[in-house]
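*Asks:* Submitted below is the structure of interest, expressed as structure tokens.
The values are calculated or read from the model by the stated rules, or taken from the named source; none is laboratory data. Quick caveat, the model's predicted, so the values are computed rather than measured. Neighbour counts are summed over all protein chains in view; Cβ atoms, including those assigned to glycine, are modelled from backbone coordinates with ideal geometry. What goes into the accessible areas is simple: the full protein's heavy atoms, side chains included, and nothing from ligands, DNA or RNA. Shrake-Rupley method; radii C 1.70, N 1.55, O 1.52, S 1.80 Å.
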Amino acid sequence: MDDRKGTRKDRDNLKETFTNLGFKVRVHDDCTASEIRDILLEGKGKVDHSDFDCFLCVFLTHGDDGIIYGSDGDPESFKGNGSVHSTNRTWLRLNDDVFDIFRGNNCSTLIGKPKIFIIQACRGGTAEFSAMIGSAATDYEEPLETSVGVKVTIPTEADFLISYSSSEGRWTKVYLFKCKT
């Protein structure tokens, strides 16, 4: 897969930011899908999260709708091959291969704690429109340009943080118990 320009800088900035916020940070670079799966399973099985306030996981990688690729990712292998066993895939399904590992029934020390996933990856084949930094909607007076005269843009759908109470395609059922006092 193509090298993701700027990923190392993003990684370093994220590491510094979350370290400064008091997070215990572990960085894994250029992992295959199998290695990512192993790291996530290790985090679930070998780490007692009881003393932590939350769990945060960041992926800086290539992706498609509902999946992320490992460094061995091959978009052509994904198309029409959804039934390939997880150990033979170069991608991970976010719901089944990533989020499911940390659900309460699979990781009891995270029950009642926020599980935060930041995924910087494409989600399909449609290009996002871009907005020029420096337009009337920003604090900049003039459009920003690089030293070679290229105007700087960001995706029009940038700067959103969206959180749902349930995963895509799933519903939530809450049980309320009355405790005897």
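*Asks:* Quick one: C31 ticks every box in (1) open to solvent by less than 70 Å² (accessible area, probe 1.4 Å); (2) over 16 Å from the mean Cα position of the chain (by Cα); (3) closer than 15 Å to Y69 by Cα except a single one, so which number is it?
*Replies:* (2)
*Asks:* Starting from residues that are more than 17 Å from C122 (Cβ to Cβ), modelled with pLDDT of 90 or more and not acidic (D, E), keep the ones in region 50-87 and report whichever is surrounded by the fewest Cβ atoms within 10 Å (Cβ to Cβ).
*Replies:* Taking the candidates together, the pick is S50.
*Asks:* Please work out which residue is surrounded by the fewest Cβ atoms within 10 Å (Cβ to Cβ), limiting yourself to region 113-133 and to residues that are among the small types (G, A, S) and closer than 20 Å to V58 by Cα.
*Replies:* Ranking the candidates gives G124 first.
*Asks:* Just one of D10, D53, D30 is assigned to a helix (DSSP H, G or I) and either out of contact with any Asp or Glu (no Cβ under 6 Å at 6 or more places or on another chain) or without any contact (Cβ under 8 Å) to a residue 12 or more places away in the chain (or both); which is it?
*Replies:* None of the others qualify; the one that does is D10.
*Asks:* Out of region 34-43, which residues are open to solvent by 70 Å² or more (accessible area, probe 1.4 Å) and in contact (Cβ under 8 Å) with a residue 40 or more places away in the chain?
*Replies:* Listed by number, the list holds a single entry, L41.
*Asks:* Moving on to the next point. Checking G43 against (1) of a type outside the set (K, R); (2) within 27 Å of K113 (Cβ to Cβ); (3) at pLDDT 90 or above; (4) in contact with a strand residue (DSSP E or B) (Cβ under 9 Å, 6 or more places away or on another chain): exactly one of these is not met. Which one?
*Replies:* (3)
*Asks:* To continue, here is another question. Filter region 1-12 down to the residues that are open to solvent by 70 Å² or more (accessible area, probe 1.4 Å), modelled with pLDDT of 90 or more and not acidic (D, E) and list them by number.
*Replies:* R8, K9
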